[in-house]
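Scroll down for the structure; my scribbles are underneath it.
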Amino acid sequence: MRNIRLYAMAAMLLFALSACDNGSSSKTGTISDAELTEREKAILEATANQSFVFDFNAGDEYKELAVWVEKYESGKLVGEVNHISMELKNKGTIIFATSNTAEESDQAIFTVSISSGGSTGSSWNAETVPNEHLGALWGSNHVGEISAGKKLVLASILYSDSEDGISTLSTGFNHDMESHMDELKNYDVVYLLRSEFK
């Protein structure tokens with residue numbers, strides 16, 4: 001019964017946020033952190049452990065958007081947690097949210113959603129997350145408005161048992177992932193939210 005309520009709350013979250021799309025990304029072919037209202041922030045805090053929300057303006061240049069979460073263990077890609085692709089109508093929103101299935105559980109629901117032109121598509125998956133003895137750090141991987149033209153790293157969730165603490169990925173990683181893949185070896189588990197406009 002708890003799982004049904006959790007999925008219903010996640011669906012309400014996605015509907016509420018997609019209905020509130022303000023399309024704040026002004027230039028065409030760009031993506032940016034969404035500016036959320038207090039109500040939207042409250043909905044996210046009530047329904048998700050962690051969330052990332054981005055607005056995009058595809059303009060006429062891009063017709064399709066793919067969003068997925070890659071999982072890495074000790075620097076090696078072990079698979080994708082979610083993958084969704086959708087046709088676009090100019091502006092829209094991307095949402096990535098995680099929520100535990102139960103308070104004491106190591107299972108989390110990863111939800112990825114795209115909303116554009118009045119349509120919303122979403123994908124969710126149960127994922128076993130690292131246990132609590134690992135340090136965790138969540139973060140959006142860019143500030144401001146960036147070009148949507150290539151495969152992007154939008155956000156990360158990092159887990160590490162390092163005694164020196166845990167730090168974010170470098171700015172270089174965020175701009176040129178392929179040249180900085182060695183950074184992922186510093187973490188036990190990494191989840192990367194990626195996107196590609198086509």
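List, in the order given, every pair from Lys71/Lys198; Lys41/Lys185; Lys27/Lys76 whose Cα-Cα distance in the structure shown is over 30 Å.
Beyond 30 Å between Cα atoms: Lys41/Lys185; Lys27/Lys76.
Could you order Met181, Met86 so the one with the most accessible surface comes first? Probe is 1.4 Å.
So the residues, ranked largest to smallest area, are Met181, Met86.
What does the C-alpha gyration tensor say about the overall shape of region 24-121? Classify as rounded when a/c is under 1.5, otherwise prolate if a/b is larger than b/c, or oblate.
The shape class here is oblate.
Post the alpha-carbon centroid distance, region 153-198 to region 85-106, in whole angstrom.
19 Å
The values are calculated or read from the model by the stated rules, or taken from the named source; none is laboratory data. In this text the structure is predicted, and so the values were computed from the model without any measurement. Protein only, heavy atoms only, side chains kept; ligands, DNA and RNA dropped before computing areas. Shrake-Rupley method; radii C 1.70, N 1.55, O 1.52, S 1.80 Å.
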